[in-house]
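As structure tokens, the structure follows; a few thoughts come after it.
The values are calculated or read from the model by the stated rules, or taken from the named source; none is laboratory data. Please read all numbers here as calculations on a predicted model, not as lab measurements. Heads up, the Cβs are rebuilt from the backbone with ideal geometry, glycines too, and the neighbour counts pull from every protein chain shown. Note: accessible area is taken over every heavy atom of the protein model, side chains too, but ligands, DNA and RNA are not part of it. Shrake-Rupley method; radii C 1.70, N 1.55, O 1.52, S 1.80 Å.
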Amino acid sequence: MIAVAMLFGFAILMLGSDVAAIQGGWARRLELPGSWFIDYAPWVALAVFVLAVMAIVRFKVRWRWAAFVAAYVLGIFIDGYPMALMDQATRIRLGARMNEESRKVLAAKYPDLKWVSPDSSGVWVRRDAYSPELAAFVTGLVDHQEEGRGGTAH
């Protein structure tokens, strides 16, 4: 059981580090409330898992594996914290990736706006900063850059 626990503990740490690096990076750039905990989430998940496994050793054999699975699920749940934080953000869906000129236009039009555009699927903004006007402006930027006008819209 110790070898399996080490393997699953390593999986918790690696998965948590990956989620913290990707979605956690977006949440930090958006300055979402609670994003300070992101760097610690994988380590807290691993610590909780290790403590649970240490306690599980004292269980009866019949319940040991069920408790082990529950401890693993709890660790994965803690690792998902950065993804839960992204529920405080809204994605403006785009048909293409924003080019550099469109990014500059967006930054000039909304200088105080915290936003992230990790891929061609869209732009993430804080939910409290979202507005239909902002969504129309961003989609207009991308539509105009697709038409070859260099990303200037409105």
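Within the chain, the longest run free of GluC sites (Glu not before Pro) that sit in a DSSP loop with at most 12 other Cβ atoms within 10 Å is 32-146.
How big is the Kirkwood radius of the stretch 23-107, worked out from every pair of different alpha carbons and given in Å to one decimal? Radius from the Kirkwood sum: 15.6 Å. Overall, the accessible surface of the chain at a probe of 1.4 angstrom is composed of carbon and sulfur to the extent of 63 percent. Think of the stretch 7-154 as a dipole: +1 on every Lys or Arg Cβ, -1 on every Asp or Glu Cβ, centred on the Cα centre; then among Ala71, Tyr40, Tyr81, Ala71 lies furthest on the positive end. Take the Cβ-Cβ distance between Glu133 and Trp36 as r, set R0 to 30 Å, and report the resulting FRET efficiency rounded to the nearest 0.05. The computed FRET efficiency comes out at 0.45. Entry comment: accessible area of the chain is 58 Å² per residue, from protein heavy atoms only and a probe of 1.4 Å. Compactness of the stretch 1-144 is given as radius of gyration and Dmax, 20.2, 66 Å, from Cα positions. In this rough spin-label picture, where each label sits 7 Å from Cα along the Cβ direction, the Ala55-Gln88 distance is 2.8 nm. Using the Cα coordinates of the stretch 25-70, the gyration tensor eigenvalues translate into equivalent-ellipsoid semi-axes of 34, 9, 6 Å, sorted from longest to shortest.
Accessible surface ranking for Arg126, Arg62, Arg91, 1.4 angstrom probe, highest first: Arg62, Arg91, Arg126.
Please report, in debye to the nearest 20, how large the charge dipole of the chain is about its Cα centre when each Lys and Arg carries +1 at its beta carbon and each Asp and Glu carries -1 there. Don't skip to the end; give the middle numbers.
Working: 16 positive and 14 negative charges, 138 e Å.
The calculation lands at about 660 debye.
Over the residues of the chain, the helix contribution to mean residue ellipticity at 222 nm works out to -20000 deg cm²/dmol, using -39500 (n - 2.57) for each DSSP H run of at least 4.
Indicate the helices, whole DSSP H runs only, in the chain that combine a mean Kyte-Doolittle hydropathy of -1.0 or more with a Cα extent along their long axis of 15 angstrom or more. Walk me through the numbers on the way to the answer.
Working: long enough: 2-29 (39 Å, 1.22); 41-56 (22 Å, 2.51); 61-79 (28 Å, 1.17); 132-146 (21 Å, 0.17).
Membrane-span-like by this criterion, though nothing is claimed about a membrane: 2-29, 41-56, 61-79, 132-146.
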